[in-house]
Amino acid sequence: MKHLPVYIWTSNKLNCCLPATAYLFNKFWPIETSVKVLGYDIPEFELPSNFEFISLGEQRGPDYWSDDMIDFFSTCTDDYFYFPTEDMFILEPVDAEILEYAINLFECNLDSNLLRFCLANDIQ
């Protein structure tokens, strides 16, 4: 399976979800993957070794979160990535074949307007 970068977005209020998110991700993701968590205040609990917390600085409120994402991703060199929030729990094994199909779809459409492919069933 090809590498799919994973970034998880969180806020100070909801980073309490990260232990469950990390546990379920590691249990149900089809391959071992490094995950970057984008948030603000560094959590006071340990995350698994494949999770890295990246502080975006001071949390200034909902009017600024998109500015913080733009600032971070403007330096990102990944052509595509998986970007859930901390409360998008994976509740069953991710089908590796479907995930590989999605990655191939992105690779074949890098110059198109394909902007999003959802792996969760919370937006249908």
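The table that follows gives values for the structure above.
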| item | result |
| --- | --- |
| Accessible area of the chain belonging to carbon and sulfur atoms, whole % at 1.4 Å probe | 51 percent |
| Extension gain (nm, one decimal) between Asn26 and Asn12, 0.36 nm per residue minus Cα-Cα | 2.8 nm |
| Ellipticity estimate at 222 nm from DSSP helix runs (n ≥ 4, -39,500 (n - 2.57)) divided over the chain, nearest 500 | -8000 deg cm²/dmol |
| Stretch gain in nm, segment Leu105-Asn50, where the contour uses 0.36 nm per residue and the Cα spacing is subtracted | 17.2 nm |
| Signed unit charges on C-beta, dipole axis of the chain, positive-most listed residue His3, Phe81, Leu91 | Leu91 |
| Average accessible surface area per residue within the range 1-100, 1.4 Å rolling probe, Å² | 61 Å² |
| Alpha carbon convex hull of the chain, projected area averaged over orientations, nm² | 8.2 nm² |
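The values are calculated or read from the model by the stated rules, or taken from the named source; none is laboratory data. This structure is a prediction, so every number in the text was calculated from the model and none was measured. Note that each Cβ is placed from the backbone with ideal geometry, even for glycine, and that neighbours are counted across all protein chains shown. Calculation scope for accessible area: heavy atoms of the full protein, side chains included, ligands and nucleic acids excluded. Shrake-Rupley method; radii C 1.70, N 1.55, O 1.52, S 1.80 Å.
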